[in-house]
Each structure stands twice: as structure tokens, then as C-alpha cells.
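Since the structure comes first, as C-alpha cells, the remarks are kept for the end.
The values are calculated or read from the model by the stated rules, or taken from the named source; none is laboratory data. What you are looking at is a predicted structure, and each value in this text was computed from that prediction instead of being measured. Cβ placement follows ideal geometry from the backbone for every residue including glycine, while neighbour counts extend to all protein chains displayed. Ligands, DNA and RNA are stripped out before the accessible areas are found, and what is left, the full protein with its side chains, is counted by its heavy atoms. Shrake-Rupley method; radii C 1.70, N 1.55, O 1.52, S 1.80 Å.
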Amino acid sequence: MPITTNRTESGIVTVTVDFPPVNALPSAAWFQLADEILAAGDDPETTVVILRAEGRGFNAGVDIKEMQATSGFDALVAANKGCAAAFSAVYDCAVPVIVAVNGFCVGGGIGLVGNADVIVASDDAVFGLPEVDRGALGAATHLSRLVPQHMMRTLYYTAQNVTAQQLVHFGSVYRAVPRDELLDAALEVADMIAAKDTRVIRAAKAAINGIDPVDVKTSYLLEQRYTYELNLAGVADEHRDAFVDTGKPKGN
């Protein structure tokens, strides 16, 4: 199954994504992921959620091939709404969400990770937003929660990646471990949280969201506005077509 969940006796719910070959999610999967995360948090027996992935990498964003195979803008709108729903689900989940990032985390993956409560990563993990190479915008809101402002701008404009070790240095990644130790590292943090009074932890999650200096939903919605403009102008199609045809950004 592409998205599965399992639960431990201590109430730790693990949500696993598996969309070979690179975990680029079709629109429906973003909505399903949102539903699974919110449902886990709504269960009073849940103490913490771990979001992880099988395969080569954690997340490669939206399925561009699905978008280019669809006429009109329905697929674009669905993808944007699905991403917004999944990102918000991580943020709004009533219990802390730990993300365990393996390999690559790009595009929409940054939205999931940037809204998470705790990040652990494999020591070969890389994080980035290739949006400008796809004729789109989005998730700068979430990248800015991982790196300082000027680094975010540099990474965004150049579509470069940042490593797990760099994010440990910036303080956004809690631990970077060998890939075969990743799930154990996530469970170690989850166990510490699960041992606390869940009523207090749920209140803490709500309180921390309440004092957040940035409204992540409104901020991301503003970014999406410019993506729609680029699509209406035909710019985004040029870049997506080039990527689908060659696997490389336009002009490369």
C-alpha cells in the first residue's frame, strides 16, 4: 500500500509513504496523507506521530508527469490544494509529528518537514527546493524554518540543496544518523515524548503553534498565488515540459 500506518502499545503511530520510484506524490496521495496524519492525532490514544518513507528518498514533491498529462489546470489546482492540506495536517496534528528523512527531501517534502515538530535524518539526506527550475514557487515558507533567512534566499534562487549535517549545524535537524539507524533514532525521540502526560503534550503543541511568529498557512497561500500566475502566463508549462522530456531543468 502506498500510505500505511501502524501503532505501538505506547500510542506511537508511524505513517509510511511508499510511491516508487522517488516518492513523487500524485494529488490524491497528498490528501490521503493529510487524512492519515490528522486521524492519527485525533485519536486520544495517540501520543506522537512519526512520518517516514520507504525507497530512495523521503519525498520528491508533486508528480509532475501527472500534471503534464492533464489538460487545463485541474491537476495543478489539485496538487496545490493537496500539498497545502498535507503541510497543514503536519502542523495541525494534535500531537507532535517527527519526520524521519532518508535520502532526498525536495519540493513538497520541504513543506512536510518544515511544519514538523522534530526532524531526524539519515546522514546522506539532502534538502532543497527546485521550484524555480520547474517554473513554480512554494515552500519558501517552510525552508525558512530550516535555515536562516539569507541562506533560504540563496538556496531558493539557486535551487541548491542543503545537507543533513548543515541542518544539524543550524539547529533544525535534531540528529543525523546512518540510514539503517534512522527509524530507531525517530523512535527514540518518540519514546521520550510518549512517556510524558499526553494531555500536557497536546496542550504544548497547541500553545507552541499559537506563539508561532509566522502564519504558515497564509504565507504558503501567498506563494501559491505566484505559482498560479506563472501557470497562466505559460511559463510553468515550459519548465515542466522540459523536465518531463529530459529530466533536467530548462536550459541545462
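When Tyr156, Tyr174 are checked against the criterion of being open to solvent by 10 Å² or more (accessible area, probe 1.4 Å) and touching a residue at least 40 places away in the same chain (Cβ under 8 Å), Tyr174 stands alone in meeting it. Within the range 66-102, the set of residues being of a type in the set (Phe, Trp, Tyr) and either surrounded by fewer than 24 Cβ atoms within 10 Å (Cβ to Cβ) or more than 14 Å from the chain's Cα centre (by Cα) (or both) comprises Phe73, Tyr91. Being surrounded by 19 or more Cβ atoms within 10 Å (Cβ to Cβ) and either over 16 Å from Thr4 (Cβ atoms) or of a type in the set (S, T, N, Q) (or both) is a description that applies to Val62. In the range 198-252, what residues are within 22 Å of Ala116 (Cβ to Cβ), among the charged types (D, E, K, R), assigned to a helix (DSSP H, G or I) and open to solvent by less than 80 Å² (accessible area, probe 1.4 Å)? Matches in the range 198-252: Arg202, Lys205, Glu223.
To keep it simple, each residue is scored yes or no on (1) open to solvent by less than 30 Å² (accessible area, probe 1.4 Å); (2) without any contact (Cβ under 8 Å) to a residue 12 or more places away in the chain; (3) under 22 Å from Ala190 (Cα atoms).
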{"residue": "Pro2", "(1), (2), (3)": "no, no, no"}
{"residue": "Val13", "(1), (2), (3)": "yes, no, yes"}
{"residue": "Phe19", "(1), (2), (3)": "no, no, no"}
{"residue": "Ala29", "(1), (2), (3)": "yes, no, no"}
{"residue": "Ala40", "(1), (2), (3)": "yes, no, yes"}
{"residue": "Thr46", "(1), (2), (3)": "yes, no, yes"}
{"residue": "Phe104", "(1), (2), (3)": "no, no, no"}
{"residue": "Gly114", "(1), (2), (3)": "yes, no, yes"}
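Pick from the range 124-134 the residues that are open to solvent by 10 Å² or more (accessible area, probe 1.4 Å) and out of contact with any His (no Cβ under 6 Å at 6 or more places or on another chain): which of them is farthest from Val214 (Cα to Cα)? Within the range 124-134, the match that is farthest from Val214 (Cα to Cα) is Asp124.
Exactly one residue among Ala121, Ala190, Ala140 is open to solvent by less than 60 Å² (accessible area, probe 1.4 Å) and out of contact with any helix residue (DSSP H, G or I) (no Cβ under 7 Å at 6 or more places or on another chain), and that residue is Ala190. Among the residues making up the range 173-191, those that are within 18 Å of Thr14 (Cα to Cα) and more than 18 Å from the chain's Cα centre (by Cα) are Arg179, Asp180, Glu181, Asp184, Ala185, Leu187, Glu188, Val189, Ala190, Asp191.
Total residues in the range 13-28 satisfying the condition of being of a type outside the set (S, T, N, Q) and either over 14 Å from Val62 (Cα atoms) or under 13 Å from the mean Cα position of the chain (by Cα) (or both): the figure is 5.
Scanning the range 177-187 for residues that are part of a helix (DSSP H, G or I) and either β-branched (Val, Ile, Thr) or surrounded by 13 or more Cβ atoms within 10 Å (Cβ to Cβ) (or both) gives Arg179, Glu181, Leu182, Leu183, Ala185, Ala186, Leu187. Per the conditions (1) over 21 Å from Leu230 (Cβ atoms); (2) at pLDDT 95 or above, the sole criterion not satisfied by Gly82 is (1).
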